[in-house]
Amino acid sequence: MNLKQVYEGWKNYLLPDEKKKAFIEEVSDHRMSICNKCEENSENKKNYSNLRPDAHCTKCGCTLAPKTKCLSCKCPLEKWDSVIEPEYE
């Protein structure tokens with residue numbers, strides 16, 4: 001994940017494009033359903049919730065709410081893929 005993708009995820013989380021908002025939410029909901037069951041989700045690991053207050057991936061360190069809204073991002077564990085090519089975002 002590069003800086004552009006970090007920006008994309010946070011932008012889509014905080015100020016999503018109205019034309020893409022429903023699609024972003026659909027993608028994010030699907031991804032979050034996968035992340036919520038994942039063994040690398042901080043909320044599924046003992047003692048991780050005390051280190052950071054946000055739900056995050058312990059593999060890549062990303063906060064899950066914006067990570068799942070980054071359309072050009074993919075899961076580092078290959079549990080979900082990007083829905084667009086990074087160079088086209």
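Quick notes
- Considering (1) modelled with pLDDT under 95; (2) of a type in the set (V, I, T); (3) open to solvent by less than 30 Å² (accessible area, probe 1.4 Å), the lone condition that T58 does not fulfil carries the number (3).
- Test: E78 is at pLDDT 90 or above, surrounded by 13 or more Cβ atoms within 10 Å (Cβ to Cβ) and of a type in the set (D, E): no
- Top-ranked residue in segment 15-29 [being of a type in the set (A, V, I, L, M) and part of a helix (DSSP H, G or I); ranked as surrounded by the fewest Cβ atoms within 10 Å (Cβ to Cβ)]: A22
Here is a yes/no grid of residues against (1) more than 10 Å from the chain's Cα centre (by Cα); (2) touching a residue at least 24 places away in the same chain (Cβ under 8 Å); (3) part of a strand (DSSP E or B):
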{"residue": "R31", "(1), (2), (3)": "no, yes, no"}
{"residue": "C38", "(1), (2), (3)": "yes, yes, no"}
{"residue": "K46", "(1), (2), (3)": "yes, no, no"}
{"residue": "C60", "(1), (2), (3)": "yes, yes, no"}
{"residue": "A65", "(1), (2), (3)": "no, yes, no"}
{"residue": "L71", "(1), (2), (3)": "no, yes, no"}
{"residue": "C75", "(1), (2), (3)": "no, yes, no"}
{"residue": "E78", "(1), (2), (3)": "yes, no, no"}
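The values are calculated or read from the model by the stated rules, or taken from the named source; none is laboratory data. What you see is a predicted model; the values in this text were computed from it and never measured. No Cβ is skipped: glycine too gets one built from the backbone with ideal geometry, and neighbour counts run over all protein chains shown. These accessible areas exclude ligands, DNA and RNA; they are computed on the full protein's heavy atoms, side chains included. Shrake-Rupley method; radii C 1.70, N 1.55, O 1.52, S 1.80 Å.
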